[in-house]
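This report refers to the structure that appears directly beneath it.
The numbers here are math on the coordinates, done by the rules we state, and not lab data. Keep in mind it's a predicted model, so treat the numbers as computed, not measured. Here the Cβ positions follow ideal geometry from the backbone for every residue, glycine too, while neighbour counts run over all protein chains shown.
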Amino acid sequence: MHCKPRVRPYRAGEAAAVAPILYESSGGLYDRYAGSRKLAERTIARALEREGSTASGQVVSVAELDGEIAGAMAAMTFTEWTPRAHAFLRTTLRTIPPWRWPGALRIYQAGGRSGARPPDSCFYVDSLATAEGFRRRGVAGALLAHAERRALALGLESVALDTWVSNHAALALYTRAGFKELGRTGGRGGLPGGVLLLKELA
């Protein structure tokens, strides 16, 4: 009999376990942003322990399975997203070598929202990933269900998220969970196009 994932808030001191999972959510973008996986995970770990960014511990939930952290999600009201994204950039620039700053800024700008925009009245999932050894065991579904509960508790009308247009597995997962495509952004700066999805909540 399989246990169901248990979702709870991130706890201080869990960065070493959570940063590698959040790293996986970017589909390789963090490597280009920070320069290497090691620097990318260091950047995420730093953000987890500081307030105000899109990867701060206070907006991160983790899913536990078999006594281990099996997945992680960073989510917030959409009105919080822009200032938190700017704060994450500042954290990044303090972590990576100065000679990488111009490239990081280019990727940050290229990855910015240039097309479809979620409604302000939504709960926005900025990143979501499952650790490799726990995939296909309901971890992502449990995190998405938690996002819906958080949205309803906050009086919000929907949950929104983005993924790469080439991430067919994620698109299939979100479609099964009841998300519908709201719009697409074209690829820029060597990045693939993105898909914005939204789930209206009863």
Efficiency of FRET between D120 and K38 - r from beta-carbon atoms, R0 25 angstrom, step 0.05: 0.10
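Where nothing but the Cβ of Lys and Arg (+1) and of Asp and Glu (-1) is charged, how large is the charge dipole of the chain around its Cα centre, in debye to the nearest 20?
Values: 27 positive and 18 negative charges, 78 e Å.
Dipole size: approximately 380 debye.
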Remind me, relative contact order of the chain in percent, using alpha carbon pairs under 8 angstrom and six or more residues apart? 21 percent
Going toward the positive end of the dipole of the chain, with +1 on Lys and Arg Cβ and -1 on Asp and Glu Cβ, which of G35, P9, G193 do you reach last? G35
Cα-projected label distance for C3 with E49, points at 7 Å along beta-carbon direction, nm: 2.7 nm
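With n ≥ 4 as the cut-off for DSSP H runs, can you work out [θ] at 222 nm for the chain, using -39500 (n - 2.57) per run divided by the number of residues, rounded to the nearest 500?
On the way: 7 runs with 80 residues, N = 202.
One gets -12000 deg cm²/dmol as the mean residue ellipticity at 222 nm.
What size of dipole, in debye to the nearest 20, comes out for the range 39-105 about its Cα centre when the only charges are +1 on Lys and Arg C-beta atoms and -1 on Asp and Glu C-beta atoms?
On the way: 7 positive and 7 negative charges, 111 e Å.
Charge dipole, the range 39-105, about its Cα centre: 540 debye, nearest 20.
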Positive-end extreme of charge dipole, the chain - chosen from T54, P119, L154 (charges on Cβ): T54
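If you add up the charges near L161, with Lys and Arg at +1 and Asp and Glu at -1, over every other residue whose beta carbon is less than 10 angstrom from its beta carbon, what do you get? Numbers along the way, then the final one.
Details: positive: K199; negative: D126, D162.
My count for the surroundings of L161 gives -1.
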